[in-house]
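Heads up: the structure comes next, in structure tokens.
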Amino acid sequence: MKIAILGTGSVGAALARSIGRTGHDVTVSSTNRSAAQELAGEVGARLAGTNTEAVAGAELVILAVPTGVVASVVGELGHALDGKVVVDVTNRPTPDLEGGRTTSIAEELQALVPDARLVKAFNTAFASRQQDPRVAGMRADAYVAGDDQDAKDRVMALAAAIGFRPIDVGPLAQARTLEGMAWIHISLQMRHQWPWQSAWKIVGPTGPDEG
């Protein structure tokens, strides 16, 4: 599958490394040209000059840019994302705990590009686990939300290839919960000064898990 990763920060780099091991055709783009060039050389990816160039031939696009600019990036790409599977991995750094906001970032992005196939995934995993999903010998969970089943299936297959245990959690509206889960995880790390190596995992009689 042809995959474009927009952004080469900690998340974009981690996903580029793990996806690069799966044999998919990866293209990266970033405003940090030198970092993108170094990452492309490291993982054997193609370096695109712009985000538009990166998504042109892609079947699946991963939004690994900072939360503060993700809407503008998607808005600028516009119809270039039509028909493509677009994976939102972002989280709000300070979510509204008073209940004033009723949508997720993913739903807001879907409204900007209604003909794209938005999927929320990988946002509950830290970059360390996006690069290596195993914790204590177990596969971390990748929770996947979206309204297009084929798009979700593609993302779940990618998550499994990386090494996650993919779990379909339902429609795109579930991204609200996934973003909340991410914030709980982030805030625990900061409060207790944990090393950002943990991961979400449902344990117990939850169906097959090959380990």
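Tabulated data for the structure shown
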{"read-out": "Label-point separation in nm, Leu188 to Thr52, each point 7 Å along Cα→Cβ", "value": "4.4 nm"}
{"read-out": "Contour excess over end-to-end distance, with Cα ends at Val69 and Asp132 and 0.36 nm allotted per residue", "value": "20.0 nm"}
{"read-out": "Structure-based [θ]222 nm, the chain - -39500 (n - 2.57) summed over DSSP H runs of at least 4, per residue, nearest 500", "value": "-12000 deg cm²/dmol"}
{"read-out": "Test item: Cα-centred dipole of the range 2-192, Lys/Arg +1 and Asp/Glu -1 on Cβ, debye", "value": "620 debye"}
{"read-out": "Cα-centre dipole for the range 95-207 with unit charges at Cβ (Lys and Arg positive, Asp and Glu negative), debye to 20", "value": "540 debye"}
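Just so you know, all these numbers are worked out from the coordinates, no wet-lab data involved. Everything numeric here is computed off the predicted structure, so don't read it as measured data. Note that each Cβ is placed from the backbone with ideal geometry, even for glycine, and that neighbours are counted across all protein chains shown.
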